[in-house]
Structures are given as structure tokens and as C-alpha cells.
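The values are calculated or read from the model by the stated rules, or taken from the named source; none is laboratory data. Predicted model, so just to flag it, every value in this text is computed and none were measured. With ideal geometry, Cβ positions are generated from the backbone for all residues, glycine too; neighbour counts draw on all protein chains shown. These area figures cover heavy atoms from the full protein model, side chains too; ligands, DNA and RNA do not enter into them. Shrake-Rupley method; radii C 1.70, N 1.55, O 1.52, S 1.80 Å.
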Amino acid sequence: MNASPPPVDKTVLPAVLPISHLNRLVRACLEVNFPLTWVAGEISNLTRAASGHVYFSLKDADAQARCVMWRSRAQLLGWRPENGQKVEVRALVSFYEPRGEFQLTVEAIRRAGQGELYEQFLRLKAQLEAEGLFAAAGKRPLPALPRRIAIVTSPQAAALKDVLSTLSRRAPWLAIDLYPTPVQGEDAGQRIAAALAAVAGADLILLCRGGGSLEDLRAFNEESVARAIRTASAPVIAGIGHETDFTIADFAADLRAPTPTAAAELAAPEQAALLRGLAHGQRQLQRHAERALGDRQQRLDGLAARLRHPAERLAQRRDHLHALAQRLRQALRRASDNQRLRAEAAFHRLHAARLRPAERGAALDALRQRLQRQQQWHFAQWRTTLDALAGSLRQLDPHAVLARGYALATDANGRAVRDAGKLTAGAALRLDFARGAARVTVDQVVAADKAD
């Protein structure tokens, strides 16, 4: 909490401040500078509105403050606040702008004197949680169909009657063992732990108690009870107090139920549901058996249709063998005829292929003459093509041009001179003739238009 509220910037305030603006500033200052805080006092002027909100004053010998607890928070209380009760409230400091009243918006209420018990509860919870006593991996699964259930509670507990009634209605076949123990008082925690340790032969354990204050449920917040739950001989369902009540035993149990009656419902499967499940399973089993019997009968009919007398099967085999023998004889005849025809064809081909020197010699001479004629024709064609190429080559020979009286002029770099306009007086040139060459010097350059 800040030592002092932040200063109000007077430069942004109007000269005359509307009351709504002032109240809004006051509310902002209060809510910013005061976090959720525990405040102790006595309840007075308590009113429960039709909306479910609870309005009251919290006072001590020297001062009082208006309080409001909204319905969403009030309905979570496991007890009923009344005028004159000493309480501790966890509240947000606020300001009700329409009436300009300072007030506390209450988040939670506990009876005065329970603060230390609650701190002890939180410390023990943190310690056991750090040890892994509440870890989900250590929780034991509940039996689907328990036969014997042990109930650990006080015989005078109001919740016991509801638990027994629920178990009798849902699962009348269950054997129930009651392990009586006080659930409130100085040594209640040790006796609850002893009762849990004494349970034997049960499939499931119910640890039950009705609702009450933190002081009333103190026995279920002891370390010995938590450790006895984890070492019990059977899984433990904790049905302690109301839905909003949480104890160490709830965290240590294998399953927490919001109420003792809910614990009984979780422990015992409903007889009607089991009977419906059995009837459904019986119908399914009957349909499966009928289908299986029909399939077997159909298969038996198929096998019966295939079953024949051995003599009939032997006769069928004998006819089959005769047919195979006939086919074999026919195949042998066809193969013999084919071999004979192939031998005759081969003999004729061999006879036709015998060498006849006179005929083969005449054919060879004719082929030789054809070859010579083809060679001569090709040679003549190639000679004609060669002469044409040689003539074309001679026409492109620069020396042939020089032989007609022309000369080839090249500059000092050996490049041919094609344009006189690119020469200057005094330039050295080389003139190549058909025979020999000469080096000359340019005296005068004549432009192309004057040369014409």
C-alpha cells in the first residue's frame, strides 16, 4: 500500500469541480492505493436484497464502514452471516459515487479467529503438496463394482443417514461396514486416522462429514488424517462438508465429492443402470449367438452339398483319366505329323540350296559387271562436281584478280585499304601485284566524288 495517495494534477481540473467528477476522482484514488485487504469487525445492519446481494456494516468500538457483497460471492458461502457476528472480510476499498459514501466491496468472509487456522491449513497444504502426497500419479482407481464399502464417520453425523439411504437405493447388495469415530473435537483427527488404518477387507472407503466452519472441519485438516488416507487399504472417497468446503483430506483422497451424498453416488453404481446394461448385453449376446449359429448352419449346408459318394467320385476320376489318355494320344499323333512335315520341308530346302557352279558363276559375272558400271557412273558424277568446285574456287582466288592487272593495297598494320578517304598524305602503303610487291608513300588523297 502506498504511503500517500498520488497528487491530483490541479492544472487539468476545472475551476469549479462537479460533484460527480470529484466522487470519481476519490474512488480512483482509493481503489488504486488500497489492494484487497483483510478487515476485522462486527456485522451490523445486515440486509439481504431480493437480487441476492448482501449489504451490512462492519464496525468496532471506534468506527464503522458500509459493506456490500455481490450475489456471485455471497452464494459461495458455506454459512449464513448474521448481525453481531465477529468476522474478517477480504475487501476492496471503494467509493459509491451516487451517494458519495465510502464502502468496502467484500470478496470473502470468515469468522473471526479463523485466520490462524486458515494460515495453518495453507502451510500444511503446501508442505504435503511439495512431498507429492496430492500427486495425481498416486491416486488409486475406484472399483467398478465394489462388494463391500467401509464408512468412516460419526454415527451421530447427519450425513450418515443420507449416505446409507443413497447406498441402499443405488446398490442394495452392498455390504457396509461402519467405522465410528468423532469428526469434531480435540482428538478427532487422531481417531479418524486410527479408524482409516483399521479398515480391512473393504473394496472402497467413504470418509464423510456434514458442512461446518473451518473450526468445525479442523480434524480433516490434520497431517495424520492425510497420511492415513494415502496408506489406507482401499481407495478413499472424501465427502466432507459442502461443495465450497475444501480440506486437506479432500486433496489427499483418491477422489473428492462435493457432498457426502455425492460421495455415496460416486461409490455405488446404480442398480437400475446395471440392470439396463445387463439387459443390453444379454440382447447383444443373443443376437451374436443367433448370427453365429446361422453362419454355421449355412456353412454346413454348403459342405453337405459338396459331399458325394466315394463310388461316384471314383467313376468321375476314371472318366477323367480316359479323357486325358485320349487327349494324350491325339497330341502324340499331332506331334509326330508335325515332325514329319518339318523334316520334309527341311529336305526340300537342303536340296534347293545345293551348289550349282555354272549357275552361280553366271550370276557372279552379272553382279561384277553391274558393280563396274555403278563405279564408273559414280566416278563421272564426282569428277563433274569436283571440276565445278575448282572453277568456283579459281574465281574467288585473289591472285587471279591480280593477274588481270589489279593491285592489293594494305596499310602498315596489314589491313586492306578500301576507302581512300581514310588515308593521309605521307602514309606508307604496300602494293601487292600478281608478281612481287612495292612499298609506296601517299603524296595526295583524292576524295571519292572528285575521283569520279
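Karplus-based coupling profile of the stretch 211-224, in residue order and whole Hz: x, x, 6, 4, 5, 5, 8, 4, 4, 7, 10, 9, 5, 4, with θ = phi - 60° in 6.51 cos²θ - 1.76 cosθ + 1.60 and x standing for Gly or Pro. Rounded to the nearest 5, what is the percent of antiparallel bridges among the DSSP beta bridges in the chain? Taking every DSSP beta bridge within the chain, about 65 percent pair in antiparallel fashion. Here the stretch 69-205 is treated as a sphere whose radius is the Kirkwood value from Cα pairs; by Stokes-Einstein at 4 °C and 1.567 mPa s it diffuses with a coefficient of 66 µm²/s. Placing Thr384, Thr261 in order of accessible area, with the largest value first and a 1.4 Å probe, yields Thr384, Thr261.
Toward the positive end of the charge dipole of the chain, about the Cα centre and with charges on Cβ (Lys, Arg +1; Asp, Glu -1), which of Leu30, Gly281, Pro235 goes farthest? Toward the positive end, the furthest listed residue is Gly281.
Straight-line reach from Lys422: taking Cα to Cα under 16 Å and skipping same-chain neighbours fewer than 8 places apart, the aspartates and glutamates in range are Asp411, Asp443, Asp449. Each other residue within a Cβ distance under 12 Å of Arg169 adds +1 if Lys or Arg and -1 if Asp or Glu, for a net charge of -2.
Using a probe of 1.4 angstrom and keeping all protein chains present, the accessible surface of the chain works out to 68 square angstrom per residue. Within the accessible area of the chain, the carbon and sulfur atoms contribute 56%, probe 1.4 Å, all protein chains present. For the stretch 176-305, the average shadow cast by the Cα convex hull is 11.3 nm², which is a quarter of the hull's surface. Helix 188-198 axis versus longest C-alpha principal axis of the chain: approximately 60°, rounded to the nearest ten. Against the main long axis of the alpha-carbon atoms of the chain, helix 158-170 sits at an angle near 50°.
Quotient of the Cα radius of gyration of the stretch 367-448 and 2.2 N^0.38 Å, N being its number of residues: 1.97.
In order along the stretch 30-44, phi translates into HN-Hα couplings of 5, 5, 6, 8, 10, x, 4, 9, 7, 10, 9, x, 10, 6, 8 Hz, rounded to whole numbers, per the Karplus curve 6.51 cos²θ - 1.76 cosθ + 1.60 with θ = phi - 60° and x for Gly and Pro.
Derived value for the chain: Kirkwood hydrodynamic radius 37.0 Å. Basis is the mean of 1/r over every pair of different alpha-carbon atoms. Computed per residue of the chain from DSSP H runs no shorter than four, each worth -39500 (n - 2.57), the mean residue ellipticity at 222 nm is -15500 deg cm²/dmol. Each residue of the stretch 228-242 was assigned a 3J(HN,Hα) from its phi angle through the Karplus expression (A = 6.51, B = -1.76, C = 1.60, θ = phi - 60°), giving 5, 5, 5, 9, 4, 6, 8, x, 10, 9, 9, x, 10, x, 8 Hz with x at Gly and Pro.
Projecting the Cα positions of Ala346, Leu389, Phe433 onto the charge dipole of the stretch 294-446 (unit charges on Cβ atoms of Lys, Arg, Asp and Glu, taken about the Cα centre) puts Ala346 furthest along the positive direction.
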